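What follows is a single structure, written as structure tokens, with notes after it.
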Amino acid sequence: MEKLIITQPDDWHLHVRTGAILKTVIPHTARQFSRAVIMPNLKSPVTTVAQAENYRQEIIQAIPKGLDFTPLMTLYLTDSTTTSEVEKAAESPHVYAFKLYPAGATTNSDSGVSKLDLIYHVLETMQEHDIPLLIHGEVTEAKYDIFDREKIFLDKVLAGIIKNFPELRIVFEHATTREAVQFVTEASEQLAATITPQHLMFNRNAILAGGIKPHYYCLPIIKRETHRQALIEAATGGNKKFFLGTDSAPHLQHLKENSCGCAGCYSAHAAIELYAEIFDRAEKLDKLEAFASFNGADFYRLPRNTDKIMIQKATWRIPDNYQVENNFLIPLRAGEDLTWRLMN
Ligand code: DOR
Ligand code: ZN
């Protein structure tokens, strides 16, 4: 297949930051996607509907003229999130979900939830109002090996949430392991998962073999090849519980190439093209549209998009970097050739 016409996709997991970075990355996302679920882990996290409204305005200002793009806002759960904030979110036309970051799990998660018991009443209210819970699924205690943190979270934490809140819709964000794929597949309809391009393209050798490659470092960390294969099967297998969420997470070059580099891969510059290449390699291009354009909308109970996009088999070179004021963002696959190109 040389040309693919599919319904316009959505990105169900996206970081855009604020200020100059936001202005650089929003055009990249808006050129491909109709909507994106915006993560709330700013340095000062988005914990209230009022803050989400302000953040939404900043995003809207950065959308290039002529492009139609809708940010779907989320709120960051803390130990002190109130049930009244959940009620406000339920009323808001712009807030679509709450995000659970276990405290210390990842970038800007210090204000995250320290003990799940503290927010049980909040989860109960979310369940009542049918607001989805988005989860960064990793345990955080130092004793756990970083490669095992997701797997352990499934039985130690996620199973309990599902048992106590069987009606709560949950997205297990950026699934990275065979165990997570199996858990999600076997769970009720209430549980779904997003999968990133980097976890579909690479195994942990990309980070560690032949020198440390900080631009492949993200959380949850990229795992062994067997996990990548399970993720490919999940994404391309036609199961509606799995959908596109890039977790594109821009960090400036000097903060990635650092003795304590930040977690996050920037993929918004070529997201749908990266997924197209992945699905092509798996000989499953016919499954891309459901994964990218239908399953997420159906899970969030939003209308599917009606516009179409065209992706062509054509080689183009990804830039070495994107400038952000006096700094740079290094994109995933920087300076390499990509075999699919969005035509618009
Ligand atoms: O690699 C990551 N980067 N994982 C996350 O969970 C957060 C993200 C970020 O905000 O940079
Ligand atoms: Zn994320």
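A few comments on the model shown:
- Per residue of the chain, the DSSP helices (runs of n ≥ 4 H) give a summed -39500 (n - 2.57) that works out to -8500 deg cm²/dmol at 222 nm.
- Kirkwood-based Rg to Rh ratio, segment 30-107, C-alpha trace: 0.99
- Highest-first packing order for the peptide set 153-164, 33-44 is 33-44, 153-164, based on the mean count of other beta carbon atoms within 10 Å.
- Length gained on full extension, GLU283 to ASP79, computed as 0.36 nm times the residue gap minus the Cα-Cα distance: 68.9 nm.
- Where N is the number of residues in segment 222-344, Cα Rg divided by 2.2 N^0.38 Å: 1.16
- Three-way shape call for segment 65-115 based on the alpha-carbon gyration tensor, with the a/c threshold at 1.5: oblate
- Highest-MSF residue in the chain out of ASN239, ASN258, ASN205 [GNM, Cα springs under 10 Å]: ASN258
- Furthest towards positive pole of dipole, GLN182, ALA268, ILE318, structure part the chain, Cβ charges: ILE318
- Using the 1.4 Å probe convention, the accessible area of the chain works out to 41 Å² per residue with neighbouring protein chains retained.
- Separation of the ASP110 and HIS129 label points, Cα + 7 Å toward Cβ, nm: 2.8
- Take the Cα of LYS65, step 7 Å toward its Cβ, do the same at LYS240, and the gap between the two points is 4.1 nm.
- The listed peptides 245-255, 100-110, 334-344, 79-89, ordered by packing as a protection proxy, come out as 245-255, 100-110, 79-89, 334-344 (highest mean of other Cβ atoms within 10 Å first).
- Relative contact order %, segment 33-125, counting alpha carbon pairs below 8 Å whose residues are six or more apart: 31
- Modelled label reach - THR339, point 7 Å along Cα→Cβ, segment 238-277 residues with backbone N closer than 12 Å: 276-277
- Net +/- balance of residues flanking ARG304 in space, Cβ distance below 14 Å, scoring K and R +1, D and E -1: 0
- With the highest mean first, a sort of the peptides 211-222, 9-20, 168-179, 114-125 on other beta-carbon atoms found within 10 angstrom per residue produces 168-179, 9-20, 211-222, 114-125.
- Spherically averaged projected area of segment 158-300 from its Cα convex hull (nm²): 9.1
- When the Cα positions of HIS136, SER80, ILE207 are compared along the charge dipole of the chain, ILE207 comes out farthest toward the positive end, with charges on each C-beta of Lys, Arg, Asp and Glu.
- Most mobile of ASN203, ASN295, ASN321 in a GNM of the chain (Cα contacts under 10 Å): ASN321
- Considered as an equivalent ellipsoid built on the Cα gyration tensor, segment 1-151 has semi-axes of 28, 20, 15 Å, the largest given first.
- Rg and Dmax of segment 280-344, Cα atoms only, in Å: 15.7, 42
- Per the Cα gyration tensor, segment 91-234 maps to an equivalent ellipsoid with semi-axes of 27, 17, 14 Å, ordered largest to smallest.
- Label zone at GLU2, where the point sits 7 Å out along the Cα-to-Cβ direction: segment 300-344 residues whose backbone N lies under 13 Å: 312-315
- Pairs of Lys residues in segment 121-250 that lie 8 or more places apart, or on two chains, and have C-alpha atoms under 17 angstrom apart add up to 4.
- Calculated P(r) tail over 35 Å for the chain, as whole % of Cα pairs: 15
The values are calculated or read from the model by the stated rules, or taken from the named source; none is laboratory data. Please read these numbers as outputs of a predicted model, since none were measured by experiment. Cβ sites come from the backbone with ideal geometry, for glycine too, and all protein chains shown count toward neighbours. Just so you know, the surface numbers come from the protein's heavy atoms only, side chains and all, with ligands and any DNA or RNA stripped out. Shrake-Rupley method; radii C 1.70, N 1.55, O 1.52, S 1.80 Å.
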